[in-house]
Amino acid sequence: MTPASPLTAASAAPGKSRRIALAVLLLAICALPFLVTNYHTFQLTMVLVYAIALLGLNILTGYNGQISLGHGAFYAIGAYVAAILMDKWGVPYWATVPVAGLVCLAAGFLFGLPALRLEGLYLALATFALGVSMPQLLKYKHLEYWTGGVQGIVIMKPDPPFGLPINQDQWLYYFTLAIALVMFLLGWNLLRGRVGRSLIAIRDQPIAAEAMGVNNSLYKSLAFGVSAMYTGVAGALGAIAVQFVAPDSFNIFLSITFLVGIVIGGLASIPGAIYGAIFIQFVPNIADQISKAAPWAIYGVFMIGFVYLMPVGVAGAIRIAWARIRRGSGRNGQQ
Amino acid sequence: MDAFLNQVFAGLATGGIYASVALALVMIYQATHQVNFAQGEIAMFSTYIAWTMIDAGMPYWPAFFLTIAIAFVLGVLIERVIVRPVEQAPVLSVVVVFIGLLVIFNSLAGWIYTYTIKVFPSPFPKEPLHVGDHFFSAHQLGAVGVTLVVLALLYAFFRYTPLGLAMRAAAQNPTSSRLVGIRVGWMLALGWGLAAAIGAIAGMMVAPTVYLDPNMMSGILLYAFAAALVGGIDNPGGAVLGGFMVGVLENLLGAYVIGNELKLAFALVLIVGVLVVRPSGLFGRVHVTRV
C-alpha cells in the first residue's frame with residue numbers, strides 16, 4: 001500500500017470557498033446534538049473519540065510505516081489513567097485527559113525504543129503480543145486496588161459547567177469536539193511540515209532519509225510516543241463517555257478495530273481518520289442486527305477487499321474522485 | 001519435587017501444542033517470509049469441523065483424518081485465492097490481509113457454532129497412567145506423542161521425498177527452482193496446506209483441555225509466536241524445541257513465580273526480548289542484508 005502523497009492536499013493553502021465550506025461543516029457539526037436523540041449524540045461522541053485514536057495510529061502506521069496491531073493497549077492505558085484519577089483521587093474529568101496523554105506519550109516512547117530494532121512483520125508481531133496480553137495485565141491482582149480487577153471502574157458522567165442549558169450527553173459531545181479539533185489541528189501542523197516529511201521519508205526510503213540527515217531512531221520512537229499520546233487521549237475521552245472501564249473491553253479486537261479504521265478510512269490521511277471512525281462506530285451497529293458475529297465478518301471482508309480494490313481507502317477515493325471532477329470541469333486542479 | 005516434575009510434564013504437554021502451531025508458522029515463513037496471523041484461527045475453525053463430524057456420530061479417528069484433509073484443502077485454497085494476489089505487496093497489506101482472515105474465521109465460527117464453549121473429546125483413555133509414583137494424564141502423553149509423530153513425518157517428508165525436496169528448493173531459491181521445472185506457486189500452496197493441516201492437529205489436541213470456543217487459540221498463537229522466535233523462525237526443529245521450552249517455562253513461571261494471571265505477559269516479554277536481543281533466535285540463521 002503506497003498511499004499517494006497526502007501532503008499535497010494537506011499543505012495546499014485552503015482557498016476561500018474551501019474555508020467557507022469548512023465553516024459551514026463545523027456549524028453543522030455543532031448543531032448535530034440538537035437534532036438527534038441523546039443516544040445518537042453519544043454515538044457521535046464516540047466517532048470523535050475514535051477519530052482521535054485513528055489519527056494517532058495513522059501517524060505511526062500510515063505516515064511512518066510502523067505497523068501496530070496493539071494500539072488498543074494505549075487506548076486502555078489512557079482510559080485507565082482517566083478512570084483511576086477520577087475514581088481514586090477525585091481529579092476533575094477535564095484534567096485527566098492531558099495526564100492520560102502524557103502517560104501514553106511516555107509509554108509509547110518507551111515501547112518505541114525496542115521497536116526501533118524491529119521492522120515490518122516483527123513489529124507487527126510484538127505489538128500483536130502487546131494487544132493480546134493487555135487485558136491480563138489490567139486484571140493483575142497486585143494492581144487490583146487501582147484497576148478494580150475484572151470488575152473495572154465505574155465513573156460518573158460529568159455535568160455541563162457554568163449552568164449551560166444542555167444535557168450531559170450534549171456537553172460531553174462539545175467537550176470531545178473541542179479536544180478533537182485541537183488534536184486534529186496539532187496533527188495537521190505536525191504532519192504537513194518538516195516532521196511529516198521526515199516520517200514519510202523514513203517509511204518509504206529509510207536509508208535515503210538517514211543520508212539526508214533525518215534522525216531515524218529519534219523520529220521513529222517519537223512517532224510511537226505521539227501516536228500513543230493521541231490514542232491515550234482518545235482512551236480517556238472514551239472512558240468518560242462510556243462511564244466505565246473493564247479489562248475485557250480492551251482486548252486484541254479493539255486494536256484490530258483501529259487497524260480496520262485506518263485501512264478503510266485511508267492510510268496516511270488526516271480526513272481518513274474521520275471516515276474510518278464513522279465506519280467503525282456505525283457499521284457494527286447496523287451489522288449487529290444480523291448476528292453478533294456479523295460485524296467482524298464484515299470487518300474482515302472489508303479489510304481484505306480494501307487491500308485489493310481500494311488501497312488508498314475512502315479518503316483516497318474521495319481525493320481521486322474530486323480530482324476527476326475538477327479536471328472534468330476544465331479547471332486546473334492542484335492534484 | 002513431585003509437584004515440580006508434574007509441572008514440568010504438564011509444561012511439556014502444552015509445549016507440544018505450541019510446538020505444532022509454531023511448526024505451522026515456520027512452514028509458511030520459510031516458504032514465503034510471511035507470518036500467518038490467521039494460523040490459530042484456521043486451526044480453531046478446523047477443530048470445529050471435527051467437532052461437527054464427531055457430534056454427528058462419526059468415530060473419532062476417521063473424523064480426525066478427514067479434518068486434516070479438509071484443513072489441507074482449506075489451506076491450499078486460502079493461498080491460491082486470497083494470499084497469492086498480495087504475494088509481492090508491502091508488508092502492511094499482507095498483515096492486513098492476514099488479520100482480515102483472522103477475524104473472518106473467528107466470526108464465522110462464532111456465527112455458525114455460537115460463542116458457548118463446547119466439550120471436545122479426547123481419543124486417549126480417561127484414566128491417568130502410572131509411571132512409578134507419578135500420574136500422567138493419558139491425553140497429555142498422547143498429545144506429546146502426536147506432536148512428535150507429526151514432526152517425524154514432516155522431517156521424513158522434507159528429507160526423503162522428491163516433493164519435499166522440491167518444496168525446500170522453491171522456498172530457498174524460487175527463480176532457480178522455476179528454471180529446473182518446479183512449479184513454485186503450487187509448492188507455496190502446498191506449504192500452506194501442510195501448515196493448515198498441522199494447525200488442525202494442534203487444534204484437535206488442545207481442544208480437550210481448553211474446551212472449544214472461537215477464541216481458544218488466541219493465547220496459544222501468542223505462545224507459538226514466542227516459540228517460533230525462540231527457536232529461530234526459519235528453523236522447524238528449533239521451533240519445536242522452542243515450543244517445548246516455552247511450554248515448560250510458562251508452566252514453571254506460572255506455578256512458582258508470577259502466577260497464572262500474567263502468563264500472557266510472559267509471552268509478550270519473551271517475544272520482545274528475543275526480537276531485541278537475538279532476532280534470529282537460538283537456532284535460526286543470521287540474515288545479513290546488503291543495502
Output the qualifying pairs, or none if there are none: Cβ atoms under 7 angstrom, residues six or more apart or on different chains, first residue in region A:297-324 and at positive phi, second residue open to solvent by less than 20 Å² (accessible area, probe 1.4 Å).
A:G313/A:V263; A:G313/A:I264; A:G313/A:G265; A:G313/A:G266; A:G313/A:L267; A:G313/A:S269; A:G313/A:G272
Within region B:169-183, track down each residue that is crowded, with 17+ Cβ neighbours inside 10 Å, over 25 Å from B:E41 (Cβ atoms) and under 23 Å from the mean Cα position of the chain (by Cα).
B:A169, B:A170
Scanning for something modelled with pLDDT of 75 or more, in contact with a Ser or Thr (Cβ under 9 Å, 6 or more places away or on another chain) and either among the acidic types (D, E) or closer than 27 Å to A:D248 by Cα (or both), does region B:270-280 turn up at least one residue?
no
All but one of (1) more than 25 Å from B:P121 (Cα to Cα); (2) touching a residue at least 60 places away in the same chain (Cβ under 8 Å); (3) not in a loop (DSSP other than H, G, I, E, B) hold for B:V272; which doesn't?
(2)
Whether any residue in region B:67-83 is open to solvent by less than 30 Å² (accessible area, probe 1.4 Å), in contact (Cβ under 8 Å) with a residue 12 or more places away in the chain and hydroxyl-bearing (S, T, Y) is what I want to check.
yes
Inter-residue pairs, beta-carbon under 7 Å, first within 8 Å of another protein chain (Cβ to nearest Cβ) and in region B:251-268, second at pLDDT below 75 and open to solvent by 30 Å² or more (accessible area, probe 1.4 Å), 6+ apart
B:E261/A:K141
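For the subset of region B:218-247 comprising residues that are under 17 Å from B:Q39 (Cα atoms) and of a type in the set (F, W, Y), which member is farthest from the other protein chains (Cβ to nearest Cβ)?
Applying the filter and picking the extreme gives B:Y223.
The values are calculated or read from the model by the stated rules, or taken from the named source; none is laboratory data. Given the structure is predicted, the values throughout are model-derived calculations rather than measurements. Methodologically, a virtual Cβ is constructed for each residue, glycine included, from the backbone with ideal geometry; neighbour enumeration extends over all protein chains shown. The accessibility values were calculated without ligands, DNA or RNA, using every heavy atom of the protein model including side chains. Shrake-Rupley method; radii C 1.70, N 1.55, O 1.52, S 1.80 Å.
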